[in-house]
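The values are calculated or read from the model by the stated rules, or taken from the named source; none is laboratory data. Computed from a predicted structure; not experimentally measured. Cβ sites come from the backbone with ideal geometry, for glycine too, and all protein chains shown count toward neighbours. Protein only, heavy atoms only, side chains kept; ligands, DNA and RNA dropped before computing areas. Shrake-Rupley method; radii C 1.70, N 1.55, O 1.52, S 1.80 Å.
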Amino acid sequence: MGGPRILLVEDEMSIAEPFARMLEREGFTPSLAPTVARALELFAAEEPDLVLLDLNLPDGDGRDVAREIRAHSRVPIIMLTARGTETDRVVGLEIGADDYVVKPFSAAEVIARIRAVLRRTAEPAPQDEPDEVEPLEIDELRIDRAARRVFLGGAEVELSRKEYDLLVELASHAGIVISRDDLMARVWDVNWFGSTKTLDVHIGWLRRKLGDDAANPRWIETVRGVGFRFADGQGEAP
Ligand code: CA
């Protein structure tokens, strides 16, 4: 078996076992961890390409697994959550999960998400897209796309992967309005069918990290009913 390695962290065997077999049939190489301890052990041993992570585990919380993994890896994480509240989803995304699905889910749905996340996170070789690696500069903001690093007035701004992708999407279209639908499709996935609240949450985090004020924006302007427009540095002189 040579397909992408998927670490499935799930203690309910009635879900985990049939789902692992389904992953195998779909060409993935699954491994199964029913506890936090086993998840961290397998993660270190197998270096999976993607982690599917249940939140309620017998020996702890799936979010602790995510934090531990994020401390030294950017591997994509999809959270499997039975908790349907917005807060739990937001916390999941905040600690670095790339996506989440709410139980009960269909295997087909999760497999579509896995494929989408793997496609998004596969970093293109720089020589494939030469004009993508040019730094983007708008006034005191500098986005080094080759290194995926962002500087504001010379100081580095630490962004999550999603915040970074969102910033690049906005800044590379500076001065023009991008619709919410286009942002969702380009930064998340065309097949995304989650709440667009996710977009607002990420815009909020990005604004905070850029020191921006939604009411009087320097960088990200909300265009009501349409989407967002990034400052192009061509604003009128004071
Ligand atoms: Ca569970």
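With respect to the conditions (1) open to solvent by less than 70 Å² (accessible area, probe 1.4 Å); (2) at pLDDT below 90; (3) closer than 24 Å to ARG25 by Cα, ARG119 lacks only one, and its number is (1). Which of the residues that make up region 1-50 are outside any loop (DSSP other than H, G, I, E, B), within 16 Å of the ligand (Cβ to nearest atom) and within 17 Å of ALA107 (Cβ to Cβ)? Matches in region 1-50: LEU7, LEU8, VAL9, MET13, SER14, ILE15, ALA16, GLU17, PRO18, PHE19, ALA20, LEU32.
The sole residue among ARG74, ARG63 that is open to solvent by 60 Å² or more (accessible area, probe 1.4 Å), modelled with pLDDT under 90 and not assigned by TED's automatic domain parsing to the domain that holds ALA185 is ARG74.
Within region 54-81, track down each residue that is assigned to a strand (DSSP E or B) and more than 10 Å from the ligand (Cβ to nearest atom). Within region 54-81, GLY60, ASP61, ILE77, ILE78, MET79 meet the criteria.
Picking from residues in region 176-200 that are β-branched (Val, Ile, Thr) and farther than 25 Å from GLY233 by Cα, the one that is modelled with the lowest pLDDT is VAL190.
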